[in-house]
1. Taking the conditions exactly as written (out of contact with any Pro (no Cβ under 9 Å at 6 or more places or on another chain) and touching a residue at least 60 places away in the same chain (Cβ under 8 Å)), does Gly70 satisfy them or not?
2. With the condition kept exactly as written, say whether any residue in the stretch 17-34 is part of a loop (DSSP other than H, G, I, E, B) and on the phi > 0 side of the Ramachandran plot.
3. How many residues does the stretch 160-173 contain that are crowded, with 17+ Cβ neighbours inside 10 Å and either closer than 23 Å to Leu114 by Cβ or hydrophobic (A, V, I, L, M, F, W, C) (or both)?
4. Got at least one residue in the stretch 69-83 being polar (S, T, N, Q), within 16 Å of the chain's Cα centre (by Cα) and under 29 Å from Gly156 (Cβ atoms)?
5. Restricting attention to the stretch 2-43, which residues are surrounded by 13 or more Cβ atoms within 10 Å (Cβ to Cβ), over 27 Å from Ser149 (Cβ atoms) and β-branched (Val, Ile, Thr)?
6. Does Gly164 fit the bill of being closer than 20 Å to Gly89 by Cα and either without any contact (Cβ under 8 Å) to a residue 12 or more places away in the chain or in a loop (DSSP other than H, G, I, E, B) (or both)?
7. Restricting the stretch 5-38 to residues that are touching a strand residue (DSSP E or B) at 6+ places or on another chain (Cβ under 9 Å) and in contact (Cβ under 8 Å) with a residue 40 or more places away in the chain, which is farthest from Ala159 (Cα to Cα)?
Amino acid sequence: MKDFGEPTVLVNNAGIMPQSISQIETQKITDFEKMIAIHVHGTFIWSQMAVKSMRLKKFGRIINVSSVLGLLAIPYRLGYSTAKTAIIGFTRSLAVETARFGITVNAVAPGYVLTKTLKKRIEGGLLDHNIIADKTPIGRWAQPDEVASLILFLVGDKAGYITGTTIPIDGGFHIRGDIGDNIN
């Protein structure tokens with residue numbers, strides 16, 4: 001805060017991806033704890049620091065990055081999904097606690113985004129680009145700047161009456177509801 005001043009905007013975007021998928025019986029407790037520590041504890045710590053000065057200024061915008069996996073269940077990603085779901089609950093609770101101080105708190109829930117990390121997973125065969133694009137109603141992956149544009153809107157003046165919500169930005173992935181059965 002000495003270098004940049006008191007914050008009025010905080011985007012909690014620190015996170016990690018699971019290095020492998022596994023059933024609960026074989027998932028290491030340390031891997032689960034690491035997901036919670038980075039995603040949830042990190043969100044709490046940074047928010048706690050920022051809210052103190054935001055309350056004094058009677059203004060602030062906090063955006064927490066969750067995931068489509070915080071909105072729906074995909075097997076074998078228990079730690080990641082739990083952490084991203086916790087961020088949604090944290091967002092709602094903090095929004096209620098801080099709204100009267102001019103602070104809005106929202107979450108975004110990206111689906112599959114063509115980030116460097118996910119491109120590497122595609123190249124390594126851990127994710128199938130075409131299958132995921134096909135299961136997304138819009139028919140493609142998101143670009144990072146599309147998620148950034150939503151965050152930019154939420155920190156702006158025109159979003160001052162939006163708080164405590166989670167906005168999916170996933171091309172409709174979370175509403176599809178089918179498992180890909182081919183009935184042709």
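The values are calculated or read from the model by the stated rules, or taken from the named source; none is laboratory data. Quantities reported herein were computed from a predicted structural model and do not represent experimental measurements. Every residue, glycine among them, receives a Cβ derived from its backbone with ideal geometry; neighbour counts consider all protein chains shown.
1. Values: out of contact with any Pro (no Cβ under 9 Å at 6 or more places or on another chain): yes; touching a residue at least 60 places away in the same chain (Cβ under 8 Å): yes.
Yes.
2. No, the stretch 17-34 has no match at all.
3. Here the count works out to 7.
4. Scanning the stretch 69-83, I find no residue that is polar (S, T, N, Q), within 16 Å of the chain's Cα centre (by Cα) and under 29 Å from Gly156 (Cβ atoms), so the answer is no.
5. Matches in the stretch 2-43: Ile21, Ile36.
6. Values: closer than 20 Å to Gly89 by Cα: yes; either without any contact (Cβ under 8 Å) to a residue 12 or more places away in the chain or in a loop (DSSP other than H, G, I, E, B) (or both): yes.
Taking the combined requirement at face value, the residue satisfies it.
7. Looking at the filtered set, the residue picked out is Gly15.
Let's see how each residue does on (1) at pLDDT 95 or above; (2) polar (S, T, N, Q):
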{"site": "Asn12", "(1), (2)": "yes, yes"}
{"site": "Asp31", "(1), (2)": "no, no"}
{"site": "Ser66", "(1), (2)": "yes, yes"}
{"site": "Ala86", "(1), (2)": "yes, no"}
